[in-house]
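One structure below.
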Amino acid sequence: MKIIDLRSDTITPPTEEMRRAMVEAEVGDDVFGEDPTVNRLEALAAQVMGKEAALFAPSGTMTNLIAVLTHTRPGDEIIVGNEAHMFWYEVGGASALGGVIMRTIPNDEDGRLAPESVEQVIRMENVHFPPTTLLCLENTHNRCGGAVLTPEYTGSIVQLAHQYGLPVHLDGARIFNAAVALNVPVSELVRPADSVCFCVSKGLSAPVGSLICGTQEFVRRARKWRKMLGGGMRQVGVIAAAGIVAVQKMVDRLAEDHTNARKLAEGLAGIPGISLRPDKVPTNIVNFESPAAISGPEFIQRMHAQGVKVTNRGGRKVRAVTNRMVSATDIDEVLARIGRLVKELG
Ligand SMILES: *Cc1c(COP(=O)(O)O)cnc(C)c1O
């Protein structure tokens, strides 16, 4: 039985072209700034994002943490969505290592923060208060089903933050999925943000890595934080080489993941007992609720036994993420297997 892995788009192995680029990569000591391949990737990232500079780091978790460390000081308060990856899945690093309070406000189902909510929690100057020093956005929004923030929304919420002197960090781990879904240049999506990070290790299929982009001065300071966190790597051009292929060659194919996700969502919606909103699947993440007949974890276990791997998001909430290793035919197979499983449950 073929295993179909929908747990995450991070499971994607490097392509043949990436492996060749890795073997042939020219390298040097990147802590001395002497790895030509890393330098090329950083220049490429900055150019594609329309920012002055970029920095290569091991993971999205580290680039988000570096953003917090660079924008804030211990004792500050930052505003994040209550469904943000930074809040849920980064081990509380912003607080533990950055010493900041994460003030959460609701994300709506499309991953947005309401301007009124943002305005309500920005602290005025008061001897009792920690200063609010950063607003964080996420595009696409992981827990909000791969929701996409438009350039218009991003522009207006950033403008509001800037009115209060707050810089904005954009967690763009899957920003290329947003750009493909909206058919706009990625630079347009990130232009308003003061800093943005994106992963090459997800749908783009590179084995490792994330880049954080911003002004020259921001990246100069970010580089010191990366060093402090132990993210200064040496001949890391062997990995950056795959990142270059990811950015140059792997973006357009994300549309295929989106088509497959929609197909999966529409199919699941037709299976009695499974509930989801197929109109809320703009990119490659399909969130749904498993049938009430059994518990969520049990359902997922039964799916795994049928060779379909997905993840649990608590209770009966299930997440499936389409990726390069899953074809349209595989989606048909997934739907057939889940259909049979649901029928067995009665
Ligand atoms: C995956 C992800 C990250 C973190 O990336 P890692 O490389 O896994 O540390 C950050 N933000 C979002 C929205 C993500 O989906």
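The values are calculated or read from the model by the stated rules, or taken from the named source; none is laboratory data. Computed from a predicted model, the values in this text were never measured in an experiment. Glycine gets a Cβ as well: all are built from the backbone with ideal geometry, and neighbour counts include every protein chain shown.
Between ALA54, ALA21, which is touching a helix residue (DSSP H, G or I) at 6+ places or on another chain (Cβ under 9 Å), part of a strand (DSSP E or B) and not assigned by TED's automatic domain parsing to the domain that holds GLN306?
Values: ALA21 fails: part of a strand (DSSP E or B).
Being touching a helix residue (DSSP H, G or I) at 6+ places or on another chain (Cβ under 9 Å), part of a strand (DSSP E or B) and not assigned by TED's automatic domain parsing to the domain that holds GLN306 holds for just one of ALA54, ALA21, which is ALA54.
Inside region 51-66, can you point out the residues that are of a type in the set (Gly, Ala, Ser) and more than 8 Å from the ligand (Cβ to nearest atom)? Even if it seems obvious, please write down each step before you answer.
Initially, region 51-66 is screened for residues of a type in the set (Gly, Ala, Ser), giving 53-54, 57, 59-60.
Within region 51-66, ALA53, ALA54, ALA57 meet the criteria.
Based on this model, can you work out whether ALA261 counts as in a helix (DSSP H, G or I) and within 27 Å of THR150 (Cβ to Cβ)? Spelling it out, ALA261 is indeed in a helix (DSSP H, G or I) and within 27 Å of THR150 (Cβ to Cβ). In region 1-21, the residues that are more than 15 Å from GLY243 (Cα to Cα) reach residues that are loosely packed, with under 15 Cβ neighbours inside 10 Å with C-beta atoms within less than 8 angstrom, at least six apart or across chains, in these pairs: MET1/GLY307; LYS2/GLY307; ILE3/GLY307; ILE4/GLY307; ARG7/THR311; SER8/THR311.
Comparison of ALA206, ALA173, ALA242, ALA178 shows that the only residue that is modelled with pLDDT of 95 or more, away from the ligand (no atom under 12 Å from the Cβ) and either in a loop (DSSP other than H, G, I, E, B) or not assigned by TED's automatic domain parsing to the domain that holds PRO282 (or both) is ALA242.
Regarding ASP35, is this residue charged (D, E, K, R), more than 30 Å from VAL334 (Cβ to Cβ) and surrounded by 15 or more Cβ atoms within 10 Å (Cβ to Cβ)?
Criteria met by ASP35.
Filter region 308-346 for residues that are surrounded by fewer than 18 Cβ atoms within 10 Å (Cβ to Cβ) and under 19 Å from the mean Cα position of the chain (by Cα) and give the result. Hits for region 308-346 are THR311, ASN312, ARG313, MET325. Suppose we keep only residues that are within 16 Å of the ligand (Cβ to nearest atom) and farther than 26 Å from ALA53 by Cβ within region 67-94. Which one would you say is surrounded by the fewest Cβ atoms within 10 Å (Cβ to Cβ)? Step by step, filter region 67-94, then rank; the result is VAL91. Out of LEU113, LEU97, I need the residue that is in the same structural domain as GLN159 (by TED's automatic domain parsing) and surrounded by 20 or more Cβ atoms within 10 Å (Cβ to Cβ). Which one? When all the criteria are applied, what remains is LEU113.
For first residues located in region 128-142 and assigned by TED's automatic domain parsing to the domain that holds LEU182, partners that are aromatic (Phe, Trp, Tyr) and more than 10 Å from the ligand (Cβ to nearest atom) and lie 6+ apart or on another chain with Cβ distances below 8 Å form the pairs THR132/TYR164.
When GLU26 is tested against (1) under 22 Å from ALA179 (Cβ atoms); (2) in a loop (DSSP other than H, G, I, E, B), exactly one condition is not met: (1).
Select from region 134-170 the residues that are in a helix (DSSP H, G or I) and away from the ligand (no atom under 16 Å from the Cβ) and list them in ascending order. Reasoning before the result, please.
Applying the first criterion (in a helix (DSSP H, G or I)) to region 134-170 yields 151-163.
Across region 134-170, the qualifying residues are PRO151, GLU152, TYR153, GLY155, SER156, ILE157, VAL158, GLN159, LEU160, ALA161, HIS162, GLN163.
Looking across region 188-203, the residues that are buried (at least 20 other Cβ atoms within 10 Å of the Cβ) and either within 11 Å of the ligand (Cβ to nearest atom) or assigned to a helix (DSSP H, G or I) (or both) come down to LEU189, VAL190, CYS197, PHE198, CYS199, VAL200, SER201, LYS202, GLY203.
All but one of (1) without any contact (Cβ under 8 Å) to a residue 60 or more places away in the chain; (2) more than 16 Å from the ligand (Cβ to nearest atom); (3) farther than 27 Å from ALA255 by Cα hold for THR104, so report the exception by its number. THR104 satisfies every listed condition except (2).
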